[in-house]
Amino acid sequence: GRGRPVFSFVNGDFEAGDLGGWTVSLYRNNGLGAASPTSRAQLNLAAPTAGIVNLTTVKTAPTESLLATGVAAGASLYVPKYHTHAAVVNEQGDNRNVNAIKQQMVVTNEDVDPNDGKVHIRFALAAVLENPGHTAVQQPYFFTQLTNVSRGNAVLFYTFNYSNQAGVPWKSTTDPADGDAVLYTDWQSMDIAPGAAQLAVGDTVELEIIAAGCSLGGHFGQVYLDGIGAYLPGLGIAATAPASVNRGSTLTYTYRYSNNGIDAAPNTVVTSVLPTGTTFSSLSAPGASCTAP
């Protein structure tokens, strides 16, 4: 489909040009309570002190035309991801500065994806964190959490990464202001759909995104956000497969794709990486031009 709007979250695409609908909170980074937090409480956030400020704002530019703040020329991260606006949480926030952005919304039928009958909450995120090489609990970081307020604030999804944490597709650059080492990710698409047993029409959910500078005070941590809603306002593709199969059996991936943007996207190329330990067997993609690995 084309032209599908963003639902439910007020100003979820930030196209109002401001943070209307969103609440910004300020904290001080006291150092993580655990090297890899599994809950918001383990972030060990403290009340703001003198010098802790609001560094969360909205960037305005044509789609993917503005080089992200804090990365050097030649880096691949450009904003906004969609249309002409994107938010940045805790931009250049050092001196133990932490900003959080959050909003509650009531799930409606418009948030149900007809492809699978599930409520989906999707958004695009890109992190830019200085890498001072501190211990894990002292590094800049970001944290994202979705809770179901209607069901006792049950956590539906969370993700946490500190700067230079293993397993993250970091890219390296330097801060143009001082030459310090910086790690960043390209835009990543998040798709949260836990199923009706955990998330259903009528539930109230809360999405919160937190970005923190290092706990020793000298290095920033920031996160870019765009397209928060039931559908990403652009090209999208999702792959599904069984969680496991017996050794020697066939593992079949099913790909679903869509264009929820306002413009056509001709000559689009999708690259699929063969999972480790598997051997390519066959494909079926009517109407597409495919090259087997």
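Some notes on this structure:
- Solution diffusion estimate, µm²/s, Stokes-Einstein, the chain, Kirkwood Rh from C-alpha pairs, 25 °C, viscosity 0.890 mPa s: 121 µm²/s
- Calculated log₁₀ intensity ratio I(q)/I(0) where the Debye formula runs over C-alpha points of segment 1-156, q = 0.10, 0.18 Å⁻¹: -0.44, -1.32
- Taken over segment 144-221, the convex hull of the Cα atoms encloses 129 Å³ per residue.
- Multiplying the residue separation of T108 and A200 by 0.36 nm and subtracting their alpha-carbon distance yields 32.3 nm.
- Over segment 229-293: Kirkwood hydrodynamic radius from C-alpha pairwise inverse distances, Å: 14.2 Å
- Working from label points 7 Å from Cα in the Cα-to-Cβ sense, the A50 to Q188 distance is 3.8 nm.
- Å³ per residue enclosed by the Cα convex hull of segment 18-90: 150 Å³
- Placing pseudo-labels 7 Å out from each Cα toward the beta carbon at S25 and S65 gives an inter-label distance of 3.6 nm.
- Residues A177 and L251, FRET efficiency given R0 of 51 Å [Cβ-Cβ distance, rounded to 0.05]: 0.60
- Translational diffusion coefficient (Stokes-Einstein; Kirkwood radius from C-alpha pairs) of segment 70-119 at 37 °C, 0.692 mPa s, in µm²/s: 218 µm²/s
- Across segment 86-181, the convex hull enclosing all Cα atoms gives 158 Å³ per residue.
- Looking at segment 30-179, the accessible area is 42 square angstrom per residue; that uses a 1.4 Å probe and ignores ligands, DNA and RNA.
- Across segment 204-293, Cα pairs under 8 Å and at least six residues apart give a relative contact order of 18 percent.
- Heavy-atom accessible area with a 1.4 Å probe sorts T144, T250, T159, largest first, into T250, T159, T144.
- Dipole magnitude (debye, nearest 20) for the chain, charges at Cβ of Lys, Arg, Asp, Glu: 600 debye
- Normalised by the number of residues in the chain, the mean separation of alpha-carbon contacts (under 8 Å, six or more apart) gives a relative contact order of 25 percent.
- Ellipsoid fit via the Cα gyration tensor, segment 135-293: semi-axes of 32, 24, 19 Å, each the root of five times an eigenvalue, largest first.
- Residues I237 and T279, FRET efficiency given R0 of 25 Å [Cβ-Cβ distance, rounded to 0.05]: 0.65
- Relative contact order %, segment 1-159, counting alpha carbon pairs below 8 Å whose residues are six or more apart: 23 percent
- Between V155 and A35, the contour length at 0.36 nm per residue exceeds the alpha carbon distance by 41.2 nm.
- Annotation: segment 11-51 has a Kirkwood hydrodynamic radius of 12.5 angstrom, from the mean reciprocal C-alpha pair distance.
The values are calculated or read from the model by the stated rules, or taken from the named source; none is laboratory data. As the structure is a prediction and not an experimental result, all values here were calculated from the model. Quick reminder, even Gly has a Cβ in these numbers, built from the backbone with ideal geometry, and neighbours come from all protein chains shown. Ligands, DNA and RNA are stripped out before the accessible areas are found, and what is left, the full protein with its side chains, is counted by its heavy atoms. Shrake-Rupley method; radii C 1.70, N 1.55, O 1.52, S 1.80 Å.
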